[in-house]
Amino acid sequence: MTDEKNNITDQALVEAAKNNPEAFGEIVNRYWKRLFGFIRRTSYFSQEDIEDILQEVFFKVYRYLNDYDSRLAFSTWIYQIARNTLIDEIRKKKTRPATIPLETEDLKKILKSGLDIEKEILSVDFMEKIRSSIFDLPYNYREILVLRFLEEKSYEEIMDILKKPKGTVAALVSRGRKILIEKIKRREIA
Amino acid sequence: MENPAQKIIETIKRAKIKPESRFSLRWKNYLFWIGLGLLAILGALSFSLVILNFLDFHPVFFRYVGLRKMMHILIITAPYLWLALILGALVLSLAILRKTVYGYRYNLFLVSIIGILLMSFLGTALHLAKFNSRFGNRISRGVPPFSRGAIFPMEKRWKSPEEGFLAGRVAQIRADNLWIISLDDESWLVKNSAETKKMFAGEIKLDMWLVIIGEKIGEKEFMAELIDAAPEFPESHPKKEGRRPNFIR
């Protein structure tokens, strides 16, 4: 990505892409990795599946360009589409691979201050138990924890991505963390 | 995947995918807003008919009936149909609003308050423009008798002599009493005294429709404390039921 390209705003790219698909390539470049990470952390799809989902996401983004409203950040809007496409895929496939591709750093971010992580973090067994606790979380909690702590989205952004009221978002974040920590404690790993 | 952007652009070009028009993407949202507008009008109209249902209630009645009886009669003859329609319009509006593009951002409590205020203002405007009485008169012509009570419960109010409310057509006039034929086609002897207050100018005449506040003092006997002229149907009304009072003012 050149400096010149970096200086173009998302909104300008959207306007350019409406008439020229080549300009859309820059949008794909900017968001491919971020959305890949988001889907990887919230679902159990293989890399190939995620790439297929992402292609579908970007086709939708291109078709819906005229629906983009500048009152929202473009990143929020594209996350909305990615999230909806992902949910559709989960419903279609209804399959869940046995492993969760969350890194140790990811887990630390979610659990920070809830448990004395540093003491335990090196234990492979401990990490496996946390992973399986996250695996047990209902999808809506897992998704919201990923958005808040790993994607580092604000409550307003999460509200727009999930299309849920701000109070509901705050409650889900808080309840999600609480459930996760309780699950871990119940397994006597804390 | 190697260079996903290139692959996506090639597919877009090959499949000739084009950005869809804003209207085709937003038509459902526009429909929701039209629906919200229609519900606001329905709520406002219902509110104006609630106002209409209380217009026969002169504030001076409170002095003669007393608060307890007044509240009782207001509760049993409240326009529940129109109140339910207001509530229904409000609940449906909130459900539709939630479906709009930014519906999740609105605070439901605040939106409910704004919705009620909006319906009240619009309803009052419809009342001031006399739209409610024109509408009421129009629908009253086609309303079957059994559903009339639900649509215009103020008539029921004047069929409650036990509560102190009676209405009827003057059949006979004597020095200190008069006979009336009530809305239920019953003959009532209405006594009056020096304390009985008449709310209208001019004399009581035969065939005139009256509303009377007072007390039931015996079988088909009523002591009048306050007498007012009942509004009648406008001259243009077909009067299918004969001369009847029209409480739709």
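Just a few scattered comments:
- Note on the range A:37-69: residues that are under 21 Å from A:R142 (Cβ atoms) and touching a residue at least 40 places away in the same chain (Cβ under 8 Å) amount to 11.
- Filtered residues of the range B:49-65 (kept if within 15 Å of B:W158 (Cα to Cα), part of a loop (DSSP other than H, G, I, E, B) and touching a strand residue (DSSP E or B) at 6+ places or on another chain (Cβ under 8 Å)): B:D56, B:H58
- Any hit, the range A:152-161, residues being more than 24 Å from B:R98 (Cβ to Cβ), away from chain B (no Cβ under 14 Å) and touching a residue at least 24 places away in the same chain (Cβ under 8 Å): no
- Boolean, B:F135 is surrounded by 13 or more Cβ atoms within 10 Å (Cβ to Cβ), in a helix (DSSP H, G or I), over 14 Å from the mean Cα position of the chain (by Cα) and aromatic (F, W, Y): no
- Residue match in the range A:44-57 (condition: outside any helix (DSSP H, G or I) and more than 17 Å from the chain's Cα centre (by Cα)): no
- Those residues of the range B:2-16 which are exposed (fewer than 15 other Cβ atoms within 10 Å of the Cβ) and more than 60 Å from the chain's Cα centre (by Cα), in sequence order: B:E2, B:N3, B:Q6, B:E10, B:K13, B:R14
- Out of B:S46, B:S24, B:S120, sole residue that is within 14 Å of another protein chain (Cβ to nearest Cβ) and part of a helix (DSSP H, G or I): B:S24
Every residue, every condition in (1) among the aromatic types (F, W, Y); (2) surrounded by 17 or more Cβ atoms within 10 Å (Cβ to Cβ); (3) farther than 28 Å from A:D67 by Cα; (4) within 11 Å of chain A (Cβ to nearest Cβ), yes or no:
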site	(1), (2), (3), (4)
B:L31	no, no, no, no
B:I41	no, no, yes, no
B:H72	no, no, yes, no
B:I76	no, no, yes, no
B:L81	no, yes, yes, no
B:A89	no, yes, yes, no
B:L97	no, yes, no, no
B:N107	no, no, no, yes
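- Residues (out of contact with any Ser or Thr (no Cβ under 9 Å at 6 or more places or on another chain) and either small (G, A, S) or within 7 Å of chain B (Cβ to nearest Cβ) (or both)) located in the range A:47-57: A:E51
- Complete set of residues in the range B:142-191 that are touching a residue at least 12 places away in the same chain (Cβ under 8 Å), surrounded by 13 or more Cβ atoms within 10 Å (Cβ to Cβ) and part of a helix (DSSP H, G or I): B:A150, B:I151, B:M154, B:E155, B:K156, B:R157, B:P161, B:E163
- Scanning the range B:51-83 for residues that are β-branched (V, I, T) and closer than 23 Å to B:S120 by Cα turns up B:I51, B:I75, B:I76, B:T77.
- Wholly enclosed helices (runs of 4 or more DSSP H) of the range A:60-136 bearing at least 2 residues modelled with pLDDT of 90 or more and buried (at least 17 other Cβ atoms within 10 Å of the Cβ): A:74-93
- Those residues of the range A:20-35 which are of a type outside the set (A, V, I, L, M, F, W, C), facing another protein chain (nearest Cβ under 8 Å) and within 14 Å of A:D10 (Cβ to Cβ), in sequence order: A:G25, A:E26, A:N29
- Among the residues of the range A:137-190, those identified as part of a helix (DSSP H, G or I) and among the polar types (S, T, N, Q) are A:N140, A:T168, A:S174.
- Yes/no for B:I139 being free of Cβ contacts under 8 Å to residues at least 60 places away in the same chain and in contact with a Phe, Trp or Tyr (Cβ under 8 Å, 6 or more places away or on another chain): no
- Scanning the range A:162-184 for residues being more than 13 Å from A:Y79 (Cα to Cα) and touching a residue at least 24 places away in the same chain (Cβ under 8 Å) gives a total of 11.
- Meets criteria (in contact (Cβ under 8 Å) with a residue 60 or more places away in the chain and under 22 Å from the mean Cα position of the chain (by Cα)) for B:L85: no
The values are calculated or read from the model by the stated rules, or taken from the named source; none is laboratory data. From a predicted model like this one, the values you see are computed outputs, not experimental measurements. As a convention, Cβ positions derive from the backbone with ideal geometry for all residues, glycine included, and neighbour counts pool all protein chains shown.
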